[in-house]
1. Quick check for you: with a 1.4 Å probe and neighbouring chains kept, what is the accessible area per residue of the chain, in Å²?
2. So what's the chain giving for Cα Rg divided by 2.2 N^0.38 Å, two decimals?
3. With +1 assigned to the C-beta of every Lys and Arg and -1 to the C-beta of every Asp and Glu, and no other charges, what is the dipole magnitude of the chain about the Cα centre in debye, to the nearest 20?
4. Treat each spin label as a single point 7 Å out from the Cα along the C-beta direction, and report the S53 to I31 distance in nm.
5. Roll a 1.4 angstrom probe over the protein heavy atoms and tell me the percent of accessible area of the chain that is carbon or sulfur.
Amino acid sequence: MNIGGIKVDPIFVERAIKSIDGIRDAIVNGIRNPILGEILIAEVITTKESGLSETIIRKRLSEQLDLVQIPAVIRIVENFTLNSNGKRGSFSE
């Protein structure tokens, strides 16, 4: 992916999110953005007792990743968004 001229690997970002205690699973995808070219969006499934919020996840990611690698949108969900083919992770803003 190219975010503002910088190459970002969504799989690398996904692994960083999954490394946070209290996160069961995550998917990271990109969507088109008229200013930056693309932006990252993450859907995250947390454990019930984790107490994680988008703010806490962002803070933890800032300890591991560069600012451009932190998803612009982080959604805490119970189930992943599925595309028309039933595959997870194809979402749009």
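The values are calculated or read from the model by the stated rules, or taken from the named source; none is laboratory data. Not measured: the values here are computed from a predicted model. Cβ atoms come from the backbone with ideal geometry, glycine included; neighbour counts cover every protein chain shown. What goes into the accessible areas is simple: the full protein's heavy atoms, side chains included, and nothing from ligands, DNA or RNA. Shrake-Rupley method; radii C 1.70, N 1.55, O 1.52, S 1.80 Å.
1. Working: 5770 Å² over 93 residues.
Here the residues of the chain average 62 Å² of exposed surface.
2. On the way: Rg = 12.8 Å, N = 93, 2.2 N^0.38 = 12.3 Å.
Here the answer is 1.04, to two decimals.
3. Values: 12 positive and 12 negative charges, 21 e Å.
The calculated dipole for the chain is roughly 100 debye.
4. Label-label distance for S53 and I31, simple model: 2.3 nm.
5. Values: 2790 of 5770 Å².
Using a 1.4 Å probe with all protein chains present, the chain comes out at 48 percent carbon and sulfur.
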